[in-house]
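One structure is given here, and the rest of the page talks about it.
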Amino acid sequence: MEISHASNLLDMVRSKHPLIHHMTNQVVMNFTANGMLALGASPVMAHAKEEVAEMAQLADALVLNIGTLTKETVEAMIIAGQAANEKGIPVLLDPVGVGATTFRTSMVRQLLQQVKITVVRGNAAEIAHLVEVDGWELKGVDAIETKGDVSVVAKQAAKALHTVVVITGKVDVVSDGHVVQSVHNGHEWLTKVTGAGCLLTSVIGAFCTTGEPPLHASVAALLFYGVAAERAAQQTKGNGPGTFQIEFLNALSNTNANDVITLGKIGGEPYDKN
């Protein structure tokens with residue numbers, strides 16, 4: 001994917017102002033909503049079983065995040081996901097902490113069985129646990145660094161789940177099971193802000209509303225998000241993650257297509273037909 005094309009998708013998102021229906025965790029809702037507004041999208045947070053299908057039918061994308069999980073939440077997510085599938089809008093899954101507990105893992109598998117997912121985004125350990133790849137560890141909901149090949153895990157997971165898989169870390173990796181692309185933007189302070197990963201899933205959802213293939217939309221979203229983080233860190237001038245969080249919201253609003261072209265760093269692997 002060309003960076004210039006990725007930058008065009010940013011302009012498309014901002015001109016569209018997509019409505020993104022979030023069924024997300026209680027810890028991150030405020031930050032996610034503010035981040036979506038800064039990007040130029042419209043967030044809505046609706047969780048009640050009685051209204052989620054109707055809300056999903058009104059939305060341009062649906063984001064499912066299992067951070068603060070209950071059985072009732074998953075039941076509502078399935079209702080919303082199936083309504084979104086009927087409408088034909090993108091559905092994104094953020095399997096926060098999958099593999100940390102048996103309950104959490106079983107609930108994610110139930111979602112994957114009953115809802116067609118467009119993009120799954122998680123850290124390396126979450127995605128590895130999702131498809132039962134050994135050698136990756138979780139500490140709570142965070143990945144512990146290992147020497148595993150993230151590109152291999154992403155491709156394997158995408159094939160197994162029949163979806164696009166995004167693995168985020170020092171280098172972000174995206175695969176549809178055939179193509180693997182990597183994005184080399186971002187900043188370590190993203191790991192010091194609660195909800196930065198959850199917000200990224202929502203940003204990918206907004207980019208998926210452009211009609212581009214989910215692989216391309218995901219790469220474009222990662223480039224934009226990583227460049228915004230770098231610009232925010234520069235503005236923070238070493239003050240720390242609290243100041244960074246504020247500047248990051250500013251950067252999500254102020255980062256433009258030319259910034260993505262100038263600062264974006266993208267890589268990949270050759271096409272694999274297997």
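Quick notes on this structure:
- Test for S218: is it in contact with a strand residue (DSSP E or B) (Cβ under 9 Å, 6 or more places away or on another chain) and under 17 Å from P90 (Cα atoms): yes
- Single unsatisfied condition, G99 versus (1) out of contact with any His (no Cβ under 8 Å at 6 or more places or on another chain); (2) small (G, A, S); (3) open to solvent by 20 Å² or more (accessible area, probe 1.4 Å): (1)
The values are calculated or read from the model by the stated rules, or taken from the named source; none is laboratory data. Here the structure is a predicted model, which means the values were calculated and not measured. Positions of Cβ are generated from backbone atoms using ideal geometry, with glycine treated the same way; all protein chains shown enter the neighbour counts. The accessibility values were calculated without ligands, DNA or RNA, using every heavy atom of the protein model including side chains. Shrake-Rupley method; radii C 1.70, N 1.55, O 1.52, S 1.80 Å.
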